[in-house]
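The values are calculated or read from the model by the stated rules, or taken from the named source; none is laboratory data. Predicted, not measured: the structure shown is a model, and the values here were computed from it. Reconstructed Cβ throughout: ideal geometry from the backbone, glycine too, with neighbour counts over all protein chains shown. Quick note on the areas: whole protein, heavy atoms, side chains included, nothing else; ligands and nucleic acids left out. Shrake-Rupley method; radii C 1.70, N 1.55, O 1.52, S 1.80 Å.
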Amino acid sequence: MIVEKEVQPTSGWVALPMVPALVFGGIGLLIYNANAFSFSLPLMFFALLMIICGVISIFGFLAIAPNDSRVLLLFGDYRGSVKTSGFYWVNPFMAKKKLSLRVRNFETGSTTIPAKKNEAGIVIEKESHSSGRPSKVNDRDGNPIDISAVVVWKVVDTAEALFEVDDYEHFVQTQSESALRVLASRHPYDSEDHEISLRGNTLEVCDQLQQDIQERLEKAGVSVIEARISHLAYSPEIAAAMLQRQQAQAVVAARTKIVEGAVGMVQMALEHLQRDEIVELDSERRAAMVSNLLVVLCSDRHTQPVVNAGSIYH
């Protein structure tokens with residue numbers, strides 16, 4: 001594994017006046033040698049050497065913007081990375097690979113359309129990205145769901161990102177998609193027994209997704225800052241059935257609460273009648289009263305009152 005080595009090149013402001021001095025000095029020597037009474041062949045070669053060195057030295061200047069970097073290679077040998085912004089001068093024979101350190105994000109399921117170039121190598125159509133499409137996977141219970149996530153990441157090790165993987169951007173997208181599919185198959189879409197589910201425990205699931213992606217991207221020199229689920233739904237073929245199930249569960253839960261409240265109100269009414277000795281009820285009349293109260297309190301429609309003009313027993 002290649003280990004990143006950060007280097008600090010020579011300041012470009014130091015080398016800047018030397019380059020034109022070599023070029024114009026060589027030109028001056030050529031002119032002087034041509035006009036001299038005795039032509040000197042060594043002096044001519046020295047002047048040409050000064051001009052060639054000055055022209056080649058121009059390619060050694062390097063300007064780095066903030067949150068940008070350059071990976072330096074000398075004839076295929078890794079010599080270090082420059083990650084500090086500024087104006088520098090390096091060996092002009094070094095290959096300088098540009099690598100951005102800025103924070104980036106993408107949505108799983110998106111596709112990248114590469115740039116198109118003509119025969120001369122000129123870009124005629126810039127690189128574009130299509131919008132992300134949810135991935136269709138099965139959750140732990142086997143239900144097909146559509147899921148997608150937004151991953152925020154940045155390069156932290158330029159050497160690993162450039163040399164350990166072929167295309168680190170494509171590597172990040174592929175591994176993030178794979179981690180999301182594995183996570184979706186590990187948990188159910190929804191759960192009622194307080195276990196972790198995709199819909200009910202969003203924060204815990206997103207933290208697990210971030211850890212899973214980070215483990216897969218360690219060898220690529222990439223740090224995952226955030227991973228959040230952006231889309232989560234049942235697949236269209238079962239969405240209607242699952243909606244009916246959720247509605248039935250909601251109705252059952254609401255009825256359960258209504259019954260619990262009604263039983264408490266009946267108990268409170270009976271205790272109040274017995275404590276204040278408002279009326280004496282035998283077991284049969286208590287059962288009838290409880291039945292009537294439960295019907296009134298649990299019914300989803302308004303009840304019609306009936307007035308008893310006789311005694312409570314007729």
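How much FRET efficiency would the formula 1/(1 + (r/R0)^6) give for residue 211 and residue 84, where r is the Cβ-Cβ distance and R0 is 35 Å, rounded to 0.05? Before the final figure, lay out each step's value.
Values: r = 31 Å, r/R0 = 0.89.
According to the calculation, E is roughly 0.70.
All other residues with a Cβ under 11 Å from the Cβ of residue 3 taken together, and with Lys, Arg as +1 and Asp, Glu as -1, what is their net charge? Around residue 3, the charge tally is -4. Of the solvent-accessible surface of the stretch 151-235, computed with a 1.4 Å probe over protein heavy atoms with every protein chain present, carbon and sulfur atoms account for 44 percent. Shown for the stretch 1-94: the carbon plus sulfur share of the solvent-accessible area, taken with all protein chains present and a 1.4 angstrom probe, equals 73%.
I'd like the trypsin sites (Lys or Arg not before Pro) in the stretch 189-239 restricted to DSSP loop residues with at most 10 other Cβ atoms within 10 Å, sorted by number.
Working: sites: 199, 216, 219, 228; in loops: 199.
In loop regions of the stretch 189-239 (DSSP not H, G, I, E or B), there are no sparsely surrounded trypsin sites (Lys or Arg not before Pro).
Computed from backbone phi with θ = phi - 60° and the Karplus coefficients 6.51, -1.76 and 1.60, the 3J(HN,Hα) list for the stretch 202-207 is 5, 5, 5, 5, 5, 5 Hz; x is used for glycine and proline. Model label points for residue 237 and residue 296, set 7 angstrom from Cα along the Cα-to-Cβ axis, are 5.3 nm apart. Shown in residue order for the stretch 54-62 are the 3J(HN,Hα) couplings computed by the Karplus curve 6.51 cos²θ - 1.76 cosθ + 1.60 at θ = phi - 60°: x, 5, 5, 5, 4, 6, x, 6, 9 Hz (x for Gly and Pro). Looking only at the stretch 87-110, which residues have a backbone nitrogen under 17 Å from a spot 7 Å from the Cα of residue 169 in the C-beta direction? Within reach of a label on residue 169, which here means backbone N under 17 Å from a point 7 Å along Cα→Cβ, the stretch 87-110 contributes 97-110.
Per residue, how much accessible area does the stretch 1-72 have with a 1.4 Å probe, in Å²? Can you show the working numbers first?
Details: 4640 Å² over 72 residues.
On a per-residue basis, 64 Å².
Between residue 101 and residue 250, the distance separating the two model label sites (each 7 Å from Cα on the Cα→Cβ line) works out to 5.1 nm.
Take the stretch 200-241 with all the other protein chains still there, run a 1.4 Å probe, and you get 51 Å² of accessible area per residue.
Take the cross-link list 97/136; 96/219; 96/154; 83/136 and give me the ones stretching past 29 Å between alpha-carbons.
On the way: 97/136 38 Å; 96/219 22 Å; 96/154 20 Å; 83/136 40 Å.
As for pairs spanning more than 29 Å Cα to Cα, those are 97/136; 83/136.
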